[in-house]
Amino acid sequence: MSKTILRRHLYVAALSSLMLAACAGAPKAPPKYDSASTPEAQAATFIGTNKDVKRMPSVSKVAVLSCNVMFAHAASAHAGTGSGILGDVGNSTRVEAKVSVFYTLVGLTDADYQRMTDQICANAEQRLAGSGFDLVPRATLMANEKYQALQAAGRETPFEYKAPGAGKSSRYMVYTVTGGSLYDPRYIGSMSGIGQAFKAAKGTSADQIATALMDQLGATGVNINLLVDFAELQSSGHGRGIQLADTNKAEVGGEVGLSVSGDIAFRVNEGLKCWDRFGNRECMVENGYTPTLASTNPVLMNEQFYRQVSDTTTTGDKAVAVLTKGLAVLSAMGGVKGSSQSTTRYEVEVEPAQFGDVASRGAQSFIDMALITAKSHR
């Protein structure tokens, strides 16, 4: 097939895709959480379930074995221009552009984050008990040798989580309730997972200890995971896939706003299978026995949680920024070589008590809606 015919076929395919997209209409904006409304009225909008939720009628006695809260400390987004396979060809050389925007949260210490985590987790336990579950008290857990062994098998927090695809400039830190540790492989990664696999051969992995503890207590294990974010960034450079046409504009948009998302997993005691090995009691939870309530949309708090947002772009950043801040447009000119960059940095300065109050209420809203959804399936 000649290059000309190939280009025509690609052009028709691209045009068809654009027509289908136009018929489908513009994507809808995500729903907004209404703090003036009730959690019951909004739970279906913000909380989804997996098929295991059918096991919820079996859940009565529960023990919160982990409560992890991840806070975003820094966020970034990038976009760039580029020529596509249907773009202009010839002897001209394009001048490409790259746009980067960075947001950093300042004003909070590790002690502040730990205090917020403890408050959020304590509140979650209170709401579990208030929803009709028979909750094993935290003091009882802390005194239990298996619970102590479970915490010893995990990682100390705060723990820096490397979010896939978030870039080196984005930073997330995970905190767990005081006296706890982080053992969920979603956070600690494959290397720790391999380490846990070796421990599993001896019956001492975190998961084996957790299930043995569930068996001993006669309780369903509950794992709570929350994310508290402070900025939403969109980039024209994301999700393009195969680039057919030239991209002549690189654009990054950003909005400061505190949001909470997460999931609550119930590892149902009824699904335990246990056996004796090496003189120890070992257990596992069968597939299909982990009802999970998870965010389908983040709970965005429509309240100011910061003192100010400052443009902290440095002199060095501005020296290379030959295009407009946050938006770059280029022209492909014959015989011109090179590239341009636009970098903008913002600091979001917060007051700890104000941030903690808004974050705690956002987490409470998520917890309430998740437990309302769980209760509806019991």
Revision key, fill the gap. For K98, the accessible surface traced by a 1.4 Å probe with all protein chains present amounts, in square angstrom to the nearest 10, to 100
Practice item. Whenever you get a sec, line up I372, I188 from highest to lowest accessible area (probe 1.4 Å, protein heavy atoms). Key: I372, I188
**Study point:** Residues with amide H under 5 Å from that of S66, placed H, sequence gap 5 or more
**Key:** V222, I224
Exercise for review: Compute the semi-axes of the equivalent ellipsoid of the stretch 266-307, taking the square root of 5 times each eigenvalue of the Cα gyration tensor, and list them largest first in whole Å.
Suggested key: 41, 14, 6
Review point. What does the highest-first list of 280-290, 147-157 look like by mean Cβ count within 10 Å?
Key: 147-157, 280-290
Point to revise | Set of aspartates and glutamates with alpha-carbon distance to K375 below 12 Å, sequence-local pairs under 8 removed | key: E40
Point to revise | Distance (nanometres) between label positions extended 7 Å along Cα→Cβ at Q216 and T109 | key: 3.6
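The values are calculated or read from the model by the stated rules, or taken from the named source; none is laboratory data. Note that this is a predicted model, so its numbers are computed, not measured. Ideal geometry is used to build each Cβ from the backbone, glycine not excepted, and the neighbour counts take in all protein chains shown. These accessible areas exclude ligands, DNA and RNA; they are computed on the full protein's heavy atoms, side chains included. Shrake-Rupley method; radii C 1.70, N 1.55, O 1.52, S 1.80 Å.
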